[in-house]
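Below: the structure, in C-alpha cells.
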Amino acid sequence: MTFQAAVLDLVRRIPRGRVATYGQLATLLGRPRSARMVGQALRGADGALPWHRVVNAQGRISPRSRAASMLTQRIRLEQEGVLFRRGRVILTRFRWTAAARQRARFKPELL
DNA sequence: GACTTGACTAGAC
DNA sequence: AGTCTAGCCAAGT
C-alpha cells in the first residue's frame, strides 16, 4: 500500500459536511511530516474522490495553479453545509475528528 | 546523484 | 492579521 493509495482511501472516508487538513490526514497515516505529500497525492484525484473536503491548517482552500478548482471546492463544501467565516472553513465546527466520528455513530443526523 | 518543485506547517516578527 | 523562514519529502528533471 503506497502512501498515495492510503491517502486516497482515507479521504474517501471523510463524510459529507466535514473537512480534514493535509497535516491531519498525514498524522492519521502515521507520517506527521508528510502534509505536502497529501496534497501531492490529491493532485490526480478523479471525480469520485471527495478531494474538496481537504483544506489547509488555517481552514483555507490551498492555492493552486488553476483558480477555477478553488472556486469549485468552496461551492461543493457550501453545498454540503460547511460554513466559512472570513474565507476560512470554521474548523472548530466542521473538522473531521474522532469525536465527530463517535457522534456520527451514535447520532448520524449530527453529521 | 544533485537540484527543483510544490493542493504544507509551525513559529517568529 | 499578514508576511517570512526553515524544515519537510516524494517526484520529476
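FYI, it's all coordinate maths here, none of it is from the lab. As the structure is a computational prediction, the values presented were derived from the model and not from experiment. When we count neighbours, we look across all protein chains shown, and the Cβ atoms used for this are built from the backbone with ideal geometry, even at glycine.
Take every pair of alpha-carbon atoms less than 8 Å apart whose residues are at least six positions apart; their mean separation over the length of region A:27-93 yields a relative contact order of 24 percent.
Which order do the peptides A:79-85, A:16-22, A:39-45 come out in when sorted by mean C-beta neighbours inside 10 angstrom, highest first?
Details: A:79-85: 14.0, A:16-22: 20.3, A:39-45: 16.0.
Most protected by this proxy first, the peptides run A:16-22, A:39-45, A:79-85.
Candidate membrane-span-like segments in chain A, meaning DSSP H helices with Cα atoms spread over at least 24 Å of their own axis and a Kyte-Doolittle mean of 0.5 or above, do not occur, with no membrane implied either way.
Need the full-extension length gain, A:Leu83 to A:Ala67, defined as separation in residues times 0.36 nm minus the C-alpha distance. One decimal, nm. Working shown, then result.
Numbers: separation 16, 0.36 × 16 = 5.76 nm, distance 2.01 nm.
Once the chain is fully extended between A:Leu83 and A:Ala67, it gains 3.8 nm.
Under a 5 Å amide H to amide H cut-off, with H placed in plane at 1.01 Å, what residues pair with A:Val89 once short-range neighbours are removed? Amide H to amide H, under 5 Å and 5 or more residues apart or across chains, A:Val89 pairs with A:Arg60.
Given the -39500 (n - 2.57) contribution per DSSP H run of 4+ residues, what per-residue ellipticity at 222 nm results for chain A, rounded to the nearest 500 deg cm²/dmol? Could you put the intermediate results ahead of the total?
On the way: 6 runs with 51 residues, N = 111.
Rounded to the nearest 500, the figure is -12500 deg cm²/dmol.
Rounded to the nearest 0.05, the FRET efficiency derived from the C-beta distance between A:Ile75 and A:Ala48 at R0 = 25 Å is 0.90. For chain A, the calculated P(r), taken from all Cα-Cα distances in 10 Å bins from zero up to the bin holding the longest distance, is 14, 49, 33, 4, 0 percent. Seen from A:Gly23, the other residues with C-beta closer than 11 Å to its C-beta sum to a net charge of +3, counting Lys and Arg as +1 and Asp and Glu as -1. Working note: Karplus 6.51/-1.76/1.60 with θ = phi - 60° gives region A:16-33 the couplings 4, x, 10, 10, 10, 9, 4, x, 4, 5, 4, 5, 4, 8, x, 9, x, 9 Hz, where Gly and Pro are set to x.
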